[in-house]
1. Kindly check whether there is at least one residue in segment A:55-65 that is surrounded by fewer than 22 Cβ atoms within 10 Å (Cβ to Cβ), under 16 Å from the mean Cα position of the chain (by Cα) and within 16 Å of ligand 1 (Cβ to nearest atom).
2. Among the residues in segment A:94-101, are any surrounded by 19 or more Cβ atoms within 10 Å (Cβ to Cβ), more than 12 Å from ligand 1 (Cβ to nearest atom) and of a type in the set (S, T, N, Q)?
3. Six or more apart or on different chains, Cβ under 6 Å: which pairs go from a residue in segment A:52-64 that's among the small types (G, A, S) to one that's within 15 Å of ligand 1 (Cβ to nearest atom)? Could you list them?
4. Within 14 Å of another protein chain (Cβ to nearest Cβ) and touching a residue at least 40 places away in the same chain (Cβ under 8 Å): does that describe B:L272?
5. Report, ordered by the first and then the second residue, all pairs with beta carbons closer than 9 Å, sequence separation of six or more or different chains, a first member in segment A:152-165 that is of a type in the set (G, A, S), and a second member that is away from ligand 1 (no atom under 12 Å from the Cβ) and open to solvent by 20 Å² or more (accessible area, probe 1.4 Å).
6. Outside any loop (DSSP other than H, G, I, E, B) and more than 30 Å from A:M207 (Cβ to Cβ): is that true of A:L312 in this structure?
7. Considering segment A:76-93 alone, what residues qualify as being assigned to a loop (DSSP other than H, G, I, E, B), away from ligand 2 (no atom under 16 Å from the Cβ) and either open to solvent by less than 10 Å² (accessible area, probe 1.4 Å) or at pLDDT 95 or above (or both)?
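The values are calculated or read from the model by the stated rules, or taken from the named source; none is laboratory data. Note that the coordinates shown come from a computational prediction; the quantities given were computed from them, not determined experimentally. Every residue, glycine among them, receives a Cβ derived from its backbone with ideal geometry; neighbour counts consider all protein chains shown. Accessible surface areas use protein heavy atoms only, side chains included; no ligands, DNA or RNA. Shrake-Rupley method; radii C 1.70, N 1.55, O 1.52, S 1.80 Å.
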Amino acid sequence: MAVIEIKQVAKSFGSFTALHSVDLTIADQEFMVLLGASGCGKTTLLRIIAGLETPTTGEVWIGGRRVDHLPPRERGIAMVFQNYAVFPHLTVFENIAFGLRMKKVPQAEVDRRVKRTAELMHIEQLLKRYSGQLSGGQRQRVAVARALAMEPDVILMDEPLSNLDALLRLEMRAELKGVLAESKTTTIYVTHDQVEAMSLADRISVMNGGRIVQAANPVEVYRNPAARFVGSFIGNPPMNFLTAQPAGAGKWQVAGQVFDGPAAAAAEFAIRPEDLHPSESGLPAEVRVVEPLGPHTLVTASVAGQPFRAVLESTLTPRPGDMIHLAPVPDRIRWFDPATQSAL
Amino acid sequence: MPRMLPYLLLLPATAFLCLFFLYPFVQVAHDSVMRNAAYTLENFTRMAGHWKFSTAFWNTMLLAAVVVPIQLAMALTMASIVTKLQRGRSSILYIFAIPLGISDLAAGLIWLSVFEQSGFLNSLLVGLGVVDQPILLLGYQNTWVIFIAIVLAEVWRATAIMMVILVAGMGLIPKEYGEAADVFGASRWQKFRRVTLPMLKPSLQTALILRVILAFEVFAVVVALGGTQLPVLMSETYHWQFQMQERGVAAAFAMVILAVSVAFTILILRLLHVPKGARV
Ligand SMILES: Nc1ncnc2c1ncn2[C@@H]1O[C@H](COP(=O)(O)OP(=O)(O)OP(=O)(O)O)[C@@H](O)[C@H]1O
Ligand SMILES: [Mg+2]
C-alpha cells in the first residue's frame, strides 16, 4: 500500500518560487503522469517526493507515513533521474544491481532481477559495459532498469524514455505499463510527450508555472480542460479559442454566430480542431494554409481575425484564400472565463 | 605548421627541464656508478655495507607507512566535511592550508619547541604535577618518542596538501551520483565507499603519489627533532655528501630513494587504475 499525499507543498529557490502550494493525492497502484512545459516544476516536485529537495512549506506522506524529514533511502522509493545518473565507475550489471547490493540481497536474487529488468529494457547484451561506452538512449534504459530492479512500492520517473527513438519508445512504453501494473507499483511519471501521457496515465496532472492546473483521467483532461492552459497545451493541434460577445439570456455571439453558453459576465469560446465540420451555418473562416496529412487534412484559417485550426476529412481540400464555414459539434463547445482562465 | 605548434610551444619548458632536471639527474646517476674515474658498483656496496643503511632504509619505510595512511584518513575525512559545507568553505581551506606555507625545517623547529626539555609539553607536565622535573623526551633511550614527534610534525605539516587535492577532486564529482546513491538506499558509509571513493581515484592517485614521494624524502623534520638519533635515507645522503665527502655513496643513496619512489608510484598507479570507459 503506497498512497502518496502531497499537502500544500511549496518550494522557493531564493526569491524564485518554483512550486506554489501543490496539493495532490496519488492512489495506491495508480499511474500518475505529470505533464507540463519545460521549467514548470515537474522535476522539482519529483525531487521533493524523493527527498532530494526539502519543501519550503508543506508535507509529503507516503503509505500513510509522513516522510518529508526522512532521507531518501527511508522512503521506499526508486527513481529514474532526468539526467540518468548512471554510475560511470560501475558496469551496467552493477549499476542495475546497485540498490540491491545496498540492501544486501543474495547474489542469486540479484542475478535474477538484473537479468529480468535488463531483458525488459533490451540491454541484456550490454551488461559488461561501462556507462561511458553506451549511447544516451542505452544509458537511459540502464537508469530505468536500475529503478525497476528494486521492485519498489513507489517509482518516480523523470522523462525516462525521452532519449529513445520513436519505435523503441512505443515498445518500452507498453512494456513499462505492463510491468508496473503487474508489480502493483505506484508510479509518478514525468513527460513532455502528450501521447505518452495519454497512453500511460490513469490520471494526468497538468502543471503550469509551479501549479497543478488539473488532475484527472486523460479523456477528461482532453475533453473538459479545467483551464484555458490545459486546452492550449494538450492536443495536437491544440484547442481553438475565440472571443465572444454576450447576446443576453445565456447566449453568446462568436464571429457572427450565436451559441448557447454560460450565464457569466464575460466568456471565451473554445473548440477542438477535430470537433468542426463544414456547414453553411458555421463560423466563417478564411483559409490560410492547407496541410494534407493522410488520414485527414489540417486547415489553418482565420476566424474574425483570430487564428483557428480545423482537422477535416482528407477528401475536403479547400485552397488558401477560400472562405469556408465550419460548424462546431454543439456538445463539444467549451467556455472559459477570460479573467481567471478557468472553465465555466 | 599548426600540427607542430603545440610542440613548439612546449619547447621552452622542455628545454628548461632538460637543463635543470635531466642533466643533474644524469650527473647523479653517473656519480653513483663512478669511483676513481672508473665504472663500478662499489658505491652501492659501501652504502649497503654500512651498519646504518638498513636502519635508515627501514626507518624511512616505517615513517612513510605510518604517516601516509594517517594523512590519507585525515585528509579524506576533512575533505568530506569541507565539501559538504554550504558556506565558509574557502576560509576553512585557507586555515587548513596554513602549515603548507611553513618550510619543513621551521615545522620541525616548532615541534622541537613542544618536545624539547624546556618545551611546552614538559612545562605542561610539570605544571600539572605529572612529573617533578622536565624529562628528556627526545633522547637516544626512547627513539619511539622521537618517532612519534616526527609523525606528529609530518601529519601537522603535510596533511593539508592531500586535503586540498581531495577537496578539488570531490568537487569534480557531479552531485547527481551522490543523489542516486541516496535514493537507491546507500547509507553514508556505503555512499562514501561505493561512490565517492571509486570516483575519487584520479585525485587519490595524485595525492598519494605526491605524499609518498615526499615521505621518502623526509629530512628537515627528522634532523630538527632527532638529530642523528633516527637516521633516514635523506639524512644519510646528506651525511655522506657533506660530512664524509663521499659524493659517489651519496649519489647511490639518491638512486635508492629514486628507485623506491618510482616503484611506489607504479604500484599506486596500478592499484588505483580506472578502467577505460569507466571514467567520469
Ligand atoms: N536549484 C535551483 N535553483 C534555482 N532555481 C531552480 C533550481 N532548480 C530548479 N529551479 C527552477 O525551478 C523551475 C522548475 O524547474 P524544474 O527542473 O522542476 O522544471 P521541469 O518542469 O522539470 O522542466 P523540464 O521539463 O525542462 O525538465 C525552473 O524555472 C528552474 O529554473
Ligand atoms: Mg525536469
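1. no
2. Yes, because at least one residue in segment A:94-101 is surrounded by 19 or more Cβ atoms within 10 Å (Cβ to Cβ), more than 12 Å from ligand 1 (Cβ to nearest atom) and of a type in the set (S, T, N, Q).
3. As it stands, the answer is A:G58/A:V9; A:G58/A:A10, since those pairs meet every condition given.
4. Criteria met by B:L272.
5. Hits for this filter: A:S162/A:R169.
6. Taking the combined requirement at face value, the residue satisfies it.
7. Matches in segment A:76-93: A:V86, A:F87, A:P88.
So that you can scan it fast, the table gives a plain yes or no per residue for (1) aromatic (F, W, Y); (2) surrounded by 11 or more Cβ atoms within 10 Å (Cβ to Cβ); (3) closer than 22 Å to B:Q245 by Cβ:
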{"residue": "B:P2", "(1), (2), (3)": "no, no, no"}
{"residue": "B:L9", "(1), (2), (3)": "no, no, no"}
{"residue": "B:M34", "(1), (2), (3)": "no, yes, yes"}
{"residue": "B:A48", "(1), (2), (3)": "no, yes, yes"}
{"residue": "B:W51", "(1), (2), (3)": "yes, no, yes"}
{"residue": "B:L62", "(1), (2), (3)": "no, yes, no"}
{"residue": "B:A75", "(1), (2), (3)": "no, yes, no"}
{"residue": "B:M78", "(1), (2), (3)": "no, yes, no"}
